[in-house]
């Protein structure tokens, strides 16, 4: 952009990826994943009610206490975390595969394929993810995991499509690919040495942001009561349900908020580039 | 000037096509909702209309009849889309009032909230961004980076809850829910404004830093132009060229936030109505509110495109984000 | 308002710099003593990039990046300024001390009309200053840009943008003018127009400090020449003397690196039979009445060209005229609007190759050079020994292939690109401004390597360049493109 007065002294920006931050984010995620995957196997039944132990305070046996139905908050939290992580990963994987394939096809083939895909994406782009999920969950009978999955994946593929299409057109139009064409190196070389190495860091960033978006969207939907339905343990639902008790039993509301916050911060810390 | 006029035509044509595509997509989804409406949903609509005590199978069948589920699918879809494009949404299945009237009423509430939040977000984000840009890598810049990350990690509904706890429940300063008094907009607008300010702060910061290091700003200095004129004539305008398109991207996040915050604070707007319509399977209201929200995004993006066209004379491939 | 429109004030002051040192941390970028600029006589500093010449100019102006520190002092007439104090000279900017920046097209605000940008340089400018706008129109008119006032910078050619920047820099009436690398991206005509402006400035008793790597421009402006290398001055004196009979080895190298002074075994200037196609040799590429338009601009029309084996062609012309597009059409990388381009049979299998202006963009960005070359070696069944032999010929060690393209200098990368292009044993190589981003010395070395290699395997050359001297040094056939009306 600016004329380099000192090409050899390009100043290091203040936003270099910090390896320590990335490593701790990865560690934090690993801990959360272990909690989500192992927790439900070893902890008590999250649905088991015991009204006699209404709002019991945290103790050694029950580190996060019990909720207004006497259910174990820790066990419910483990189930909710597993649900969030697994569903979000499924949504992100679906959207990523769909969007990346469509984006590369659009950039590579051009012509009517590009025109058609772009027209569809233009319509999707103006519809917020939340709206798509709302409409899809209205389609299902309510509280269905399928609706949530479909809605979130459908709402997110556009992001991958647009980013991948833009970057892939840039790469495919670059002198490097032109040179590869003159050298008759074929499409495999272009995908393996040009496209994939260039897209990979972008996709990593988009995928970690997508996890955040999915997890937050799920909890938001639970919160506005059109997502998953009680008694299923879900982070947003847990926050809503616990909210009326925030001054008598603060652990109930702090626990899911803490997990939600940790999940977002860790995924945000995992990004490779500095995109928002 | 010829290029600007063609630019205008391109923007309007592109956004109209997008609006049309959005309308068709939303209508299609709503049509699928109706097609798949299970028996108990018809029952629920009837219950919503007549009250749970008075509803019977007959009333439920009447509802199904009203939605015309006995014709062939393609015919239904055709007339459905035609109706939607003529803005003929019929009456609410729950309140029996014309849907267009209801949407008009809710639209005002949403516009109020959206405008207040956006203004707040631009003020707050712009200020944080400009302050951070004064010394890249300095203390303020780091604080701003923390702010941006923190805001990104807290979903609007949580932020709203926290604000309610602090200002309403603990301090008793502001009303938590409702739509009556002037002060009732403060908490919803604050929630949404703070949520949006993060990205705006980041983009402002990066834009101001980049423009400040550009050749034309340095040249403006060595021409002998005073600092404040360099800022007003060159930095602000060129930073806006970068920032304004991001507001278009923000439109989607803004509308998403509107839906959540309206539900949280029971603010009488399109999002609130939409969530209720989903809950009651009130398809006409569902379709109209979803359409209104999506078209609002297209409208904001059209305004953004026009602003960019006015700010930046360079020809471009009109491939602005969102 | 008479103040605004005053004529440039001329003084008999001279600018002297007893000592100037610029550092980045502990690294010294420029260390110069006893520099004097007199009215009416230019001081030109020549040298390659990284020699410290631009850094020195910015130290005098007071516009160094904040990471760099300056020491020393300078005097304008009786007034002394401390170079370490950045703020101390700000009040001189535009009125006493003006800078014509590098890359003028980037130095103009893309969102503002040209007239406004020139006017705001006027002395005592304030918003809606009618006198300043009038003065701006006058100056633009004087520079032959009468119609450009209401234009936006993106509509200007490189030469026009530079004259606009010149008008904006000098409208405040500064007597001391610093010109930083003015020849970047300019064709010969635009450069001559600029040189005349600088002549005028000197004739009116102005002071001029010019930074350039272009020896022809330095010779054209005359005055005193200082040669810088690795932060210090190696030689200085009158331009004719230093640039024709250099005393220092380094200056001799620089002068010899000018294509006009080249002498290599592969050159066949004298032997070239400039007219008529040799009948026995088949055409590799033949184009008949090809035409291409870009938007509403015609790049070329009715061009006929036949490139035969072993020939050396150069396409020359001013920047933006469509030279590269013509080359790409001949290689069928871009399609022509009209006409036909035929490639000889047997040229399909990678026997037409291309070198790019920016070699960094011609390799996959994020993988090592080794990985990028491996597929080429596999495709053409080239043994590793041959790649290593070629690398040795261009003066590189095989270990450089471990790195990514961004970790290798432009000159080295272009040599690796040459190696890559040689692997399919090409019949025709299209070199698109392949050395225009390199220093004179490494341009000379790279062209020598390239041409020796082509000579050895009998490969034809199609070269695109804005540099007519290089075209006549290298090519035996030339096609000159002119701006179409």
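For chain A, the equivalent ellipsoid built from the Cα gyration tensor has semi-axes of 43, 23, 15 Å, listed from largest to smallest.
Classify region C:295-368 from the C-alpha gyration tensor, please: rounded if a/c falls under 1.5, else prolate or oblate depending on whether a/b exceeds b/c. Judged from the Cα gyration tensor, region C:295-368 comes out oblate (a/c at least 1.5, b/c at or above a/b).
For chain C, the longest principal axis of the C-alpha atoms and the axis of helix C:188-203 are separated by about 20°. Pairing the Cα long axis of helix A:145-172 with the longest principal axis of chain A, what angle in degrees results, from 0 to 90 and rounded to the nearest 10? So the inclination is approximately 20 degrees. Normalised by 2.2 N^0.38 Å, where N is the number of residues, the C-alpha radius of gyration of region B:99-311 stands at 1.16. Using only alpha-carbon positions in region C:260-480, the gyration tensor eigenvalues give semi-axes of 28, 20, 18 Å once each is multiplied by 5 and square-rooted (largest first). Considering only beta bridges that DSSP places wholly inside chain C, some 55 percent are antiparallel.
Each DSSP beta bridge with both residues in the protein assembly as shown is either parallel or antiparallel, and the antiparallel ones are about 55%. When you work out D = kT/(6 pi eta Rh) for the protein assembly as shown at 10 °C and 1.306 mPa s, using the Kirkwood radius from C-alpha pairs as Rh and the Stokes-Einstein form, the result is 47 µm²/s.
Which translational diffusion coefficient, to the nearest whole µm²/s, is obtained for region B:100-160 from the Stokes-Einstein equation, given a Kirkwood hydrodynamic radius over C-alpha pairs, 37 °C and 0.692 mPa s? It diffuses with D of about 238 µm²/s by this estimate.
The antiparallel fraction among DSSP beta bridges confined to region C:15-256 stands at about 60%. Relative to the longest principal axis of the Cα atoms of chain C, the long axis of helix C:369-380 lies at roughly 30 degrees.
Each value in this text was obtained by applying a stated rule to the coordinates, not by laboratory testing. Note that this is a predicted model, so its numbers are computed, not measured.
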